[in-house]
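All of the numbers you see were taken from the coordinates with simple rules; none came from a lab. These figures come from a predicted structure and were not determined experimentally. Neighbour counts are summed over all protein chains in view; Cβ atoms, including those assigned to glycine, are modelled from backbone coordinates with ideal geometry.
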């Protein structure tokens with residue numbers, strides 16, 4: 001094999017779903033202060049839609065996606081990844097296992113988003129969260145938000161089942177256009193209940209809200225964009241040092 | 001290395017530029033008749049902005065990007081790519097060398113676009129082309145269009161230098177918003193001169209025209225979308241057979 005251009009890359013465990021991964025890619029580019037092609041972060045994006053369902057594994061005891069995630073991780077490392085990211089909140093249920101014995105940094109979308117939240121709201125603020133039932137059940141954000149003294153609001157069960165989950169499924173099925181307004185209503189309901197920020201803790205959600213240029217976006221923390229910014233910051237630090 | 005989820009992927013030689021590669025990714029998703037994540041084409045996208053300038057190599061004798069392209073190709077094949085695509089027209093100057101001794105199919109953006117052109121225009125039609133100076137100099141589209149008896153129109157030199165090339169550079173620098181209108185004018189000028197279709201033979205161009213929802217798009221053949229459709233068709237055939 002030729003290897004005249006060995007080049008380090010940031011590896012992306014994606015495809016959960018593909019549109020959210022494409023959105024992450026675009027947000028890395030947008031977060032990069034670049035004057036030309038060469039200023040951008042080199043990425044190796046593994047968009048694999050065959051990774052077993054994360055919600056089914058967490059909620060229904062379905063097959064674990066961990067073996068597929070570990071295989072994707074190792075494939076990216078073997079291909080030259082010097083750091084890893086995974087633009088899917090629910091999959092972060094397995095982040096500790098993916099980080100264990102991982103020879104390169106594996107940036108967390110939860111850490112990236114919580115850093116943005118705590119820089120934007122006062123200690124003890126009320127914060128909303130829009131996520132899959134599985135992400136909520138896995139309590140991925142609870143610990144870090146509790147440390148900041150936050151009260152966490154989530155959609156009531158009816159809104160979750162009848163509005164949020166169908167809209168997320170809609171984005172995964174490619175129907176972005178009809179998913180924006182329902183999700184906007186779900187965000188607005190949390191703002192009305194007193195949330196000072198709403199965390200879009202499912203990477204399908206900002207895709208749908210961006211598609212309608214929703215005004216509620218100004219009150220949201222976009223986990224995809226937070227991970228993109230963390231990825232660009234990591235790369236800039238890495239490429240300065242090496 | 002774990003390999004419980006070996007999964008074939010289509011490899012994407014990208015980063016030329018990154019935004020065009022992200023656009024290709026989105027267009028593959030849009031071209032896929034998918035009801036859920038699992039119906040999508042698995043992709044491994046190498047977005048490497050460090051590949052030496054293609055125009056500089058073709059027009060000014062700058063360093064060849066071929067070694068870097070071969071390294072990216074081989075990296076993707078080693079990581080499991082069962083077919084390859086490259087969403088950059090200018091880089092197809094080296095397509096024959098990339099295809100040579102390549103153990104997997106390397107779909108051509110020129111072939112994909114010319115198939116769409118010849119299915120949409122009558123034999124002997126006049127066809128416009130918007131491209132970098134390097135793509136025009138490399139005459140990538142001439143042979144296939146000549147076989148269909150087409151007369152090919154390209155922007156006059158002043159439009160190329162003062163409108164098209166700065167707009168393409170604008171997209172590469174992330175300034176999509178200001179690149180759409182100039183490129184729309186360049187397309188319109190070719191339509192006014194009698195072109196029945198205009199080939200957007202630089203993958204930055206549809207990004208800018210899509211951003212302003214340009215009405216001229218209806219008269220254009222989008223090379224990025226053509227390659228995306230060819231990629232989805234190839235994968236569907238492959239996954240039926242294997």
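Across the residues of A:73-81, average count of Cβ atoms on other protein chains within 10 Å? Before the final figure, lay out each step's value.
Numbers: counts 2, 5, 11, 2, 1, 5, 7, 3, 0.
Per residue, the average neighbour count from other chains is 4.
Of B:197, B:229, B:139, which is the most mobile in a GNM of chain B whose springs link Cα atoms less than 10 angstrom apart? Sorting by GNM fluctuation, first place goes to B:139. Averaged over peptide B:27-34, the number of partner chain Cβ atoms lying within 10 Å of each residue's Cβ comes to 3. The other copies place their residue B:162 label points at 6.2 nm from this one, listed shortest first, where each point is 7 Å from Cα along Cα→Cβ.
If I fit a long axis through the Cα atoms of helix A:18-30 and take the longest principal axis of the Cα atoms of chain A, what angle between them do I get, 0 to 90°, rounded to 10? Long axis of A:18-30 versus the principal axis of chain A: about 70 degrees. Using a Gaussian network for chain B with springs between C-alpha atoms less than 10 Å apart, which of these wobbles most: B:175, B:142, B:192? Evaluated over chain B, the most mobile residue of the options is B:192.
Students often check this: by mean Cβ neighbours within 10 Å, which of A:129-138, B:100-109, B:201-210 ranks highest, and how do the rest follow? Walk me through the numbers before you get to the answer.
Details: A:129-138: 22.7, B:100-109: 15.3, B:201-210: 26.0.
Going from most to least packed, we get B:201-210, A:129-138, B:100-109.
Our summary gives the range B:155-209 a relative contact order of 40 percent, counting only alpha carbon pairs under 8 angstrom and 6 or more residues apart. Assign one of three labels to the range B:106-242, namely rounded, prolate or oblate, based on the Cα gyration tensor with a ≥ b ≥ c the square roots of its eigenvalues; rounded applies when a/c is under 1.5, prolate when it is not and a/b is larger than b/c, and oblate otherwise. Oblate, since a/c reaches 1.5 and b/c is not below a/b. Over chain A, dividing the summed -39,500 (n - 2.57) contributions of all DSSP H runs of at least 4 residues by the number of residues returns a 222 nm mean residue ellipticity of -13000 deg cm²/dmol.
DSSP assigns beta bridges within the protein assembly as shown; of those with both partners inside it, close to 10 percent run antiparallel. With the contact rule set at Cα under 8 Å and sequence spacing of 6 or more, what percent relative contact order holds for the range B:110-223? The value is 34 percent.
Sorted shortest first, the distances from the residue A:99 label point to those of the same residue in the other copies are 4.7 nm; each point sits 7 Å from Cα along Cα-to-Cβ.
I need the shape label for the protein assembly as shown. Rule: rounded when a/c is under 1.5, else prolate if a/b > b/c, else oblate, with a, b, c from the alpha carbon gyration tensor. Prolate, since a/c reaches 1.5 and a/b exceeds b/c.
Taking every alpha-carbon pair under 8 Å whose residues sit at least 6 apart, chain B reaches a relative contact order of 23 percent. Plainly put, the tip 7 Å out from Cα toward Cβ on residue B:193 is 6.1 nm from that tip on each other copy, the closest given first. Inter-chain neighbour count for A:47-60: the average number of beta-carbon atoms from partner chains within 10 Å of each residue's beta-carbon is 4.
Which of rounded, prolate, oblate describes the range A:1-159, given a ≥ b ≥ c as roots of the alpha-carbon gyration tensor eigenvalues and a/c under 1.5 marking rounded, otherwise prolate only if a/b is larger than b/c?
Working: a/c = 2.09, a/b = 1.40, b/c = 1.49.
Here the range A:1-159 falls in the oblate category.
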